[in-house]
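This report concerns only the one structure given below.
The values are calculated or read from the model by the stated rules, or taken from the named source; none is laboratory data. What you see is a predicted model; the values in this text were computed from it and never measured. All Cβ positions, even for glycine, are placed from backbone atoms using ideal geometry, and neighbour counts span all protein chains on display. Heavy atoms of the whole protein, side chains included, go into the accessibility calculation; ligands, DNA and RNA do not. Shrake-Rupley method; radii C 1.70, N 1.55, O 1.52, S 1.80 Å.
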Amino acid sequence: MTILLLAGSPSAPSRSTRVLHHIGEKLALLGHRYTKLDIRDLPGDAVMHADFSNVAIQSALAQVAAASAVVVATPVYKAAYSGALKAFLDLLPQFGLQDKLVLPLATGGGQSHMLALDYALRPVLSSLGPRHVLQSIYATEAQVSWSEEDGLVLAAEIVNRINEGVEQLSNSLLAHQNVSGSGFTAIPFSQIRCSV
Ligand SMILES: Cc1cc2nc3c(=O)[nH]c(=O)nc-3n(C[C@H](O)[C@H](O)[C@H](O)COP(=O)(O)O)c2cc1C
């Protein structure tokens, strides 16, 4: 089971990408394998022209398809997520996140737009048919800093939130792995009918 770390910032260096890679390292410590995909590394004209014949685009889409989970990182831009991320998500097939777990993550200038993840990005991710979109992680610029000497420094509340998110993602992946390996077919929660 591979986890894809999908970086949606057009900037480098990027706070959201640094937090994303930090999450990858934490998942690796729990025994998970991950791959990285940085949207800013893709050829911009091929993304904008939806050029499916482009080898880099094909390889990026194959990376998404092969992943059991995707951690999606973006900066907040104009009260929403980045246009670079949207342009890439538009290249995915209609149910391009089918059966996958998704953990959304954003960094923003302040707290004002912290709901951008839930109001703007979550509906788009949900439309791609994932198994589950986990609770989002949001950090402000003030809560994420980086220097040559100290590396990545995170505010205590973000450390806690990341630990929770990583644990939820790891547990969900392992639970799914156990169900898949047991011969039982997992039933999505939405298909379970309860009578009272
Ligand atoms: C074009 C642009 C638009 C932005 N719009 C917002 C915004 O609407 N709300 C906000 O909180 N921060 C906004 N920011 C600040 C970024 O979200 C913040 O600096 C973020 O940490 C950048 O992440 P990155 O380093 O991964 O690109 C904006 C930054 C840029 C460059």
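A few remarks follow.
- Scanning the stretch 62-75 for residues that are touching a strand residue (DSSP E or B) at 6+ places or on another chain (Cβ under 9 Å), hydrophobic (A, V, I, L, M, F, W, C) and either away from the ligand (no atom under 16 Å from the Cβ) or without any contact (Cβ under 8 Å) to a residue 60 or more places away in the chain (or both) yields a total of 5.
- Once the stretch 76-95 is narrowed to residues that are in contact (Cβ under 8 Å) with a residue 60 or more places away in the chain and in contact with a strand residue (DSSP E or B) (Cβ under 6 Å, 6 or more places away or on another chain), the residue that is nearest to the ligand (Cβ to nearest atom) is 82.
- Test: residue in the stretch 47-61 that is open to solvent by less than 40 Å² (accessible area, probe 1.4 Å) and within 16 Å of the ligand (Cβ to nearest atom): no
- One residue alone among 26, 86 is part of a helix (DSSP H, G or I), under 18 Å from residue 122 (Cβ atoms) and open to solvent by 10 Å² or more (accessible area, probe 1.4 Å), and that residue is 86.
So that you can scan it fast, the table gives a plain yes or no per residue for (1) at pLDDT 95 or above; (2) open to solvent by 60 Å² or more (accessible area, probe 1.4 Å); (3) within 16 Å of the ligand (Cβ to nearest atom):
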position	(1), (2), (3)
127	yes, yes, no
138	yes, no, yes
145	yes, no, yes
174	no, yes, no
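- Flag for residue 2 being within 11 Å of the ligand (Cβ to nearest atom) and either free of Cβ contacts under 8 Å to residues at least 60 places away in the same chain or in contact with a helix residue (DSSP H, G or I) (Cβ under 9 Å, 6 or more places away or on another chain) (or both): no
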